[in-house]
1. Would you mind telling me the share, in percent, of accessible area of the stretch 201-355 contributed by carbon and sulfur at probe 1.4 angstrom?
2. List the residues whose amide H sits under 5 Å from the amide H of residue 90, counting only those 5 or more places along or on another chain, with H placed 1.01 Å from N in the peptide plane.
3. So, by mean Cβ neighbours within 10 angstrom, what's the order for 235-248, 112-125 with the highest one leading?
4. Net charge near residue 347, counting Lys/Arg +1 and Asp/Glu -1 over other residues with Cβ under 15 Å of its Cβ?
5. Please list, ordered by chain and number, the residues whose modelled amide H lies under 5 Å from the amide H of residue 169; skip anything fewer than 5 residues away on the same chain.
6. Rounded if a/c is under 1.5, else prolate if a/b is larger than b/c, else oblate: which is the stretch 79-167, with a ≥ b ≥ c the root eigenvalues of its Cα gyration tensor?
7. Decide, for the chain, between rounded, prolate and oblate: order the square roots of the alpha carbon gyration tensor eigenvalues as a ≥ b ≥ c, take rounded if a/c falls under 1.5, and otherwise choose prolate if a/b is larger than b/c, else oblate.
8. On the protein heavy atoms, probe 1.4 angstrom, tell me the percent of accessible surface of the stretch 1-134 carried by carbon and sulfur.
Amino acid sequence: MTAEVRERDRIVLGIESSCDETGVGLVRLGADGGVELLSDAVASSVDQHARFGGVVPEIASRAHLEAMAPTTTRALDGAGLRLSDVDAVAVTAGPGLAGALMVGVAAAKGYAAALGVPLYGVNHLAGHVAVDTLEHGPLPRRCLALLVSGGHTQLLLVEGVGERITEIGSTIDDAAGEAYDKVARILDLPYPGGPPIDRMAEEGDPAAIAFPRGMTGPRDAKFDFSFSGLKTAVARWVEGEQRAGREIPVADVCASFQEAVADVLTAKAVRAARELEVTTLVISGGVAANSRLSGLARERCAAAGIELRVPRPRLCTDNGAMIAALGAHVLAAGAPPSSLDLSADPGLPVHTLVR
């Protein structure tokens, strides 16, 4: 039976296929502008990429093709809805892998055309910000977001979730999540590297090795990041220990590396919030699930009088719920829908919320 939909409420279907997760989510946009999560279904192809140590675009695209229809069915069943109940379709139009994005965009266009409902091609990065509203309710009109994932590390000034997002800082080389994957490979830990490094770090000493904090010098761009040098420092330290015939203290390496990452991320985020006079910080993206990052962020935000919001781990990683949430926000803001000749944009800038 179709779930009851309150008068003037609208159901938004969200599709995410930017990398190796096929995500489909459903949210209810209330007459009061509130957004409620109804269901979130995800199919991951991460196991197919693990033996390569990273995402293989062709494998990801094929996996999306196979998973799209079943994942949509699971999302609808989880919400107790039929496809005919959907009032709008939102889809990740970029950034991401070109082939993977095209699968999601094609599916979304098909659903929107068949249902005769508006289509919104939205920004994946902004989705990571919007998803927090499903966990903690509306965001203040002006807040700061730290987006930390395998492909992105950015500081974003948010002035209306579905209206205006401005990048104020970004990584100049490796993203934090990418550095985790590369360090995991150096230490012969599984891919993706974030979870195993986090687990090993619990048993190590974060002060055991003095790894560098990149982009923290007086002449560096104050809100930008760099993790390539940190990754190289870990590699050189491990190589030195191996040449000396010493056993690698993997837990200490993990803890010291993780401390360096969390230190830089949280210090810059809190500094940016203070300088911009923002009192709310959102941390999202896959690396937001990291225990040391969230723990240190809580300590520093509490000391600075900043409200910290971190979605639960399931919502931090790529998912359809975040795209549905962003679609609901841009719909509520009155943004014009995308046309049915919408194309994917692998390099879509964060300030472009709707294509």
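1. Values: 3300 of 6790 Å².
Answer for the stretch 201-355: carbon and sulfur cover 49 percent of the accessible area.
2. Residues meeting the criterion, in which the H sits 1.01 Å from N, are 13, 14, 15, 120.
3. Details: 235-248: 11.2, 112-125: 21.8.
Ranked by mean Cβ neighbours within 10 Å, highest first: 112-125, 235-248.
4. Neighbourhood net charge equals -1.
5. Distant-sequence amide H within range of residue 169: 155.
6. Values: a/c = 2.34, a/b = 1.47, b/c = 1.59.
Since a/c reaches 1.5 but b/c is at least a/b, the shape of the stretch 79-167 is classed as oblate.
7. Numbers: a/c = 2.17, a/b = 1.57, b/c = 1.38.
It comes out prolate by the Cα gyration axes.
8. 52
The values are calculated or read from the model by the stated rules, or taken from the named source; none is laboratory data. Nothing here was measured: the structure is a model prediction, and the numbers come from that model. Don't worry about glycine lacking a Cβ; one is built from the backbone with ideal geometry, like all the others, and counts go over all protein chains shown. To get the accessible areas, we keep the full protein, side chains included, count just its heavy atoms, and leave off ligands, DNA and RNA. Shrake-Rupley method; radii C 1.70, N 1.55, O 1.52, S 1.80 Å.
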